[in-house]
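First the structure, in the form of structure tokens, and then the observations on it.
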Amino acid sequence: MKKNIIIIALVLIVPLVAFWFLSKTNSINAKTNTEVQQVENVAVGKPQILKFTSTMCLDCQTMNKLFKEVFPNYQDKIILTEISVQDGRDFTNEQIKKYNITLVPTMIFLDSNNKQVRRVEGAIEKEVLENYLKELK
């Protein structure tokens, strides 16, 4: 009887602890990226992409792979700010409200004047992403 209780407890607790740990690790990385990118954005005045993601989202993972593949060609021209909607920070909550984020992944494309020129919700194909990046000025 005790073995069953221990097994059930482990089955329930281990995934929760793993989720909590992964969420905290990802939010720490997102905090650092976000703060650095925002400072650069103010100083440089380059076009920017705000990418709202979640660790639990399959489409977000797909888009992350796509950005890792495509974005290096544009990293000198465009600032990419990744915002994890799960981190619970004031900055994140402000951005979610400001851009009315209801779905992840959502990408907000801002021109060099910080005006929104495009909004993409959900996953897109590689060619479409490349075209959007080429058009961003």
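Separation of the alpha carbons by more than 22 angstrom is noted, of LYS65/LYS134; LYS77/LYS126; LYS68/LYS115; LYS51/LYS137; LYS65/LYS126; LYS77/LYS115, for LYS68/LYS115.
Expressed in nm to one decimal, what extension gain is obtained for the pair ASN73 and ARG118 from 0.36 nm per residue of sequence separation less their Cα-Cα distance?
Extra length from ASN73 to ARG118 when fully extended: 14.2 nm.
Read the figures in this text as sums done on the coordinates, not as results from a lab. Model, not experiment: these values are computed from the prediction.
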